[in-house]
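A quick write-up on the structure given underneath.
The values are calculated or read from the model by the stated rules, or taken from the named source; none is laboratory data. Quick caveat, the model's predicted, so the values are computed rather than measured. Cβ: placed from backbone, ideal geometry, glycine included. Neighbour counts: every protein chain shown.
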C-alpha cells in the first residue's frame, strides 16, 4: 500500500503541474494493484476532485482562468459526464477505451499548428461541439476529461498555455463531480463504501501532491514545458493501459 500511496502523490504532483487531476493514471495504478475495476472510477474521480479543487482555486486567484470560454465548455460537458457515469461497461472495454483514447489524444499534441502565435485556429469554434462527447467519455471511464480537452485547446490555439491548464482544471473538477454522481447511482451504496475504505489514504496523498504541482505550474514551469508535459503524460498513460 505504501508504494501505491507514493505513486499517487507523484502522479498528483505531475498532473496538477499541467492542470490535470491524474484520474487516468490513478485508474491504471489501481488496476495494476488488483482493485475491482468497478470501484476504480469512484476512487479516481474522488482523487481528481481533491487535486483540481486546489488547482482551480490557485488558477482563479492568479487571474489566468478564461471564465467565459471555460464555463461554456464545462456546462456542455457536465451532463454528458453524468450520463457516462451511469453507463455500464465491462473491464476489457473500460481499459481499452481509456488507453486508446489517451494515446490518440497525445498524438494530437505533436501535430503542426498552422496559425501564427496568438491567433486562434478556425476549428476553435467547434470546441463546444466536442465538449459533450468528451464529457461522456470522461464519465464512462472515470476521469475528468481535461486530459482529452487540453490537447484540442492547444491544437486550436484556443488560448495561452496557462489559461488552457486553468480551463482543463475547471473542466475536470465539474465533470468529476457529475461523473462521480453517475457512478454512485450506478453502483449503489455498497460500492461507494468500498471505494472510501480503499481510497482514503490515497486521497490524502493526492491532496498534498496536487497543491505542490499547481504551485509549480503557476510560478516555475515555462509554457512550452506545460504543453509537452501534457503530451508526454497523456501518451505514457494511454500506452501503459493498452499494454
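Annotations
- Just one of the listed residues (150, 130) is within 16 Å of residue 237 (Cα to Cα) and either more than 15 Å from the chain's Cα centre (by Cα) or in a helix (DSSP H, G or I) (or both), and it is 150.
- Unmet criterion (only one of (1) modelled with pLDDT of 90 or more; (2) over 25 Å from residue 32 (Cα atoms); (3) surrounded by fewer than 15 Cβ atoms within 10 Å (Cβ to Cβ)) for residue 88: (2)
- Answer residue from the range 213-227, given it is part of a helix (DSSP H, G or I) and loosely packed, with under 15 Cβ neighbours inside 10 Å and is modelled with the lowest pLDDT among those: 223
- Residues in the range 77-92 that are touching a helix residue (DSSP H, G or I) at 6+ places or on another chain (Cβ under 9 Å) and assigned to a helix (DSSP H, G or I): 77, 78, 79, 80, 81, 82, 83, 84, 85, 86, 91.
- Just one of the listed residues (111, 83, 40) is within 26 Å of residue 242 (Cα to Cα), at pLDDT 95 or above and over 14 Å from the mean Cα position of the chain (by Cα), namely 83.
- Applying the set (1) buried (at least 19 other Cβ atoms within 10 Å of the Cβ); (2) in a helix (DSSP H, G or I) to residue 144 leaves exactly one unmet item: (2).
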